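A short write-up of the structure that comes next.
The values are calculated or read from the model by the stated rules, or taken from the named source; none is laboratory data. Just so it is clear, the model here is predicted, and its values are computed rather than measured. Ideal geometry is used to build each Cβ from the backbone, glycine not excepted, and the neighbour counts take in all protein chains shown.
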Amino acid sequence: MMKEKPDIKSMNLPELVSFVENLGEKPFRAKQLYEWMHRNLSESIEEMTNLSAGFREKLKEECTYTVLKQTDVQISKQDGTRKYLFMLEDGNVIESVWMRYKFGNSVCISSQAGCRMGCRFCASAIGGLERNLLPSEMLEQVYRIQKDTDERVSRVVVMGTGEPLDNYDSLLRFIRLLTDEGGLHISQRNLTVSTCGLVPEILRLADEKLQITLAVSLHAPTQKKRLALMPIASKYDVEQVRDACRYYFEKTGRRITFEYALAAGVNDGNEDAYNLADLLIGQNCHVNLIPINPVKERKFFSSDQEAVLSFKNKLEKNGIHVTIRREMGRDIDAACGQLRKKYMERRWVT
């Protein structure tokens, strides 16, 4: 069996120094290589012109150099939002979204090819999990988009396809590489990681004492309703999730964001709003209300504007900080999983 080649774009600088020395090169070459990958966002080893031809040949023989192939891009005529579909080396596809805001450009990336969490209203979960992404494959979504748009990415959200905390080790390495001063050096405070509520991993992440924002997909105010929408609730109940979030705040000082997708007649009623306020009372948090994106395989529909505003007002009257998410790219397949799902369907047909 052939030995798998090391993935150098997933290595930190000390690991890269060791790797380069084992190839018989001077340690300073590692820093040059690191800058080509993480600052210059080089698409090939051949571009690294201050490395000798002999060293470049060694690299091509001895390691894997991960670069994502852009398969498709959709551009919104409404607000310029871009939805990318990238091909992985093994033929899997993933999607990412680029959004322009007044404060800068934000990219939403995937952490897995597919997802095994099975949330009832999510297109990403249809078809299950193919595999975890490598740290390099997570970074590459940011790198390729920055190169394609020729505009700096200032914020990153790990909220695309997949459950980030289900790919914990790769996620943590991705965070450290993305925020490292030798690379793009994006501030940890400008990085958001989403989770559907994997309690042990939330506690573990809290102990890392990072300065990232944790966004928890809540979507229901009671255990009974959450069970109907999110299979993960059978493993960790809604109060366990809330308590883990409280621990996260105590350890990091970072306010939690609770994501709440509003589905008409399912979780958007008066009682739901009051129950959510009761659940979160005393928690240092922010609620982000999301009008749900309809998916043809799922029988859920977005709440109308009146219901959304009513829900928001009830939370605010009970002292909960709340916003309604601005909808970006509504005229393209901007909801998580939709573009990937369409591509997979076309491939199955052909």
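Out of contact with any Lys or Arg (no Cβ under 8 Å at 6 or more places or on another chain), acidic (Asp, Glu), under 27 Å from residue 208 (Cβ atoms) and at pLDDT 95 or above - does that describe any residue in the stretch 152-165? No, every residue in the stretch 152-165 fails to be out of contact with any Lys or Arg (no Cβ under 8 Å at 6 or more places or on another chain), acidic (Asp, Glu), under 27 Å from residue 208 (Cβ atoms) and at pLDDT 95 or above. Residue 56 meets the conditions (1) basic (Lys, Arg); (2) outside the structural domain of residue 141 (by TED's automatic domain parsing); (3) surrounded by fewer than 18 Cβ atoms within 10 Å (Cβ to Cβ); (4) in contact with a Leu (Cβ under 8 Å, 6 or more places away or on another chain) in every case but one. The failed one is (4). Among the residues of this structure, residue 169 does not count as one that is surrounded by fewer than 23 Cβ atoms within 10 Å (Cβ to Cβ), in a helix (DSSP H, G or I) and touching a residue at least 40 places away in the same chain (Cβ under 8 Å). The set of residues in the stretch 11-61 being of a type in the set (D, E, K, R) and more than 23 Å from residue 172 (Cα to Cα) consists of 21, 25, 26, 29, 43, 46, 47, 56, 57, 58, 60, 61. For the stretch 176-200, filtering for residues that are surrounded by 19 or more Cβ atoms within 10 Å (Cβ to Cβ) and in contact with a helix residue (DSSP H, G or I) (Cβ under 7 Å, 6 or more places away or on another chain) leaves 14. Screening the candidates 227, 210 for the property of being in contact with a helix residue (DSSP H, G or I) (Cβ under 9 Å, 6 or more places away or on another chain) and either assigned to a loop (DSSP other than H, G, I, E, B) or farther than 22 Å from residue 289 by Cβ (or both) yields one hit, 210.
Each row is one residue, and each column tells you yes or no for (1) in a helix (DSSP H, G or I); (2) in contact with a Lys or Arg (Cβ under 6 Å, 6 or more places away or on another chain); (3) modelled with pLDDT under 95.
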position: 14; (1), (2), (3): yes, no, no
position: 20; (1), (2), (3): yes, yes, no
position: 33; (1), (2), (3): yes, no, no
position: 36; (1), (2), (3): yes, no, no
position: 46; (1), (2), (3): yes, no, no
position: 51; (1), (2), (3): no, no, no
position: 54; (1), (2), (3): yes, no, no
position: 61; (1), (2), (3): yes, no, no
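Can you name the residue in the stretch 128-152 that is acidic (Asp, Glu) and either closer than 17 Å to residue 114 by Cα or within 14 Å of the chain's Cα centre (by Cα) (or both) and is also surrounded by the most Cβ atoms within 10 Å (Cβ to Cβ) among such residues? The extreme case among them is 137.
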